[in-house]
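Shown next, in structure tokens, is the structure this report addresses.
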Amino acid sequence: MPIYLLMGMQAAGMIVDYFGTQNQTDLMNMGMKLQEAAFDTNLEQTRLETADASLQAMKELRKTLGAQIAIFAARGASTSGGSAASLLNESQANFNSDEKIRRLNMLGKENQLRGNLALSRLQNSSDVSKLWQGFASRTFNTFSTNPAAYSQGFGLTTKTGA
């Protein structure tokens, strides 16, 4: 076989390898974009769940306060002072405390999601880097480091006869 045909086949193989590596990189990056979209969805879902829990707690607080006011009104007691006022204030304080806990839990979940996304990004970068390192290794291992190989047909064949 002519040396130039062999060299052309070798070059074609390297080009196909390059495009294959590029395609794999593109697919991995698209996968990362999907993970980022899933992160955004999970983040919004966490925020909505927290907001809904707050709304339900607010409804319960209003029911509790309304019931307490109705009970004290039936007894003829004033809600502006004394034990009635302290009971109403205690219910509101409990709601506020629960709201702070809900907020802290939401922030904890958000930070966990952000941490998972950061790990995914690092893993994706590492995988892409390994992919290109493999390509570089395959490409450079194609060439001989022996100078005599190039005088004998660029490392692909040896000259015979003479």
Filter result (loosely packed, with under 13 Cβ neighbours inside 10 Å and either among the aliphatic types (A, V, I, L, M) or modelled with pLDDT under 95 (or both)) within region 111-124: ALA118, LEU119, LEU122
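One line per residue, one yes/no per condition, for (1) free of Cβ contacts under 8 Å to residues at least 24 places away in the same chain; (2) under 30 Å from THR139 (Cα atoms); (3) among the charged types (D, E, K, R):
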| site | (1), (2), (3) |
| --- | --- |
| ALA12 | yes, yes, no |
| THR41 | yes, no, no |
| THR50 | no, no, no |
| ALA53 | no, no, no |
| ALA70 | yes, no, no |
| SER83 | yes, no, no |
| GLU90 | yes, no, yes |
Filtered residues of region 61-85 (kept if surrounded by fewer than 10 Cβ atoms within 10 Å (Cβ to Cβ) and in a loop (DSSP other than H, G, I, E, B)): GLY76, SER80, GLY81
Any pair with Cβ under 7 angstrom, 6 or more apart, that starts in region 114-132 at a residue that is on the phi < 0 side of the Ramachandran plot and ends at one that is among the aliphatic types (A, V, I, L, M) and at pLDDT 95 or above: SER120/MET32; ARG121/MET32; ASN124/MET28; ASN124/MET32; ASP127/MET28; VAL128/MET28
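The values are calculated or read from the model by the stated rules, or taken from the named source; none is laboratory data. Computed from a prediction, not measured in an experiment: that's the story for all the values here. Virtual Cβ from ideal backbone geometry, glycine too; neighbours counted across all protein chains shown.
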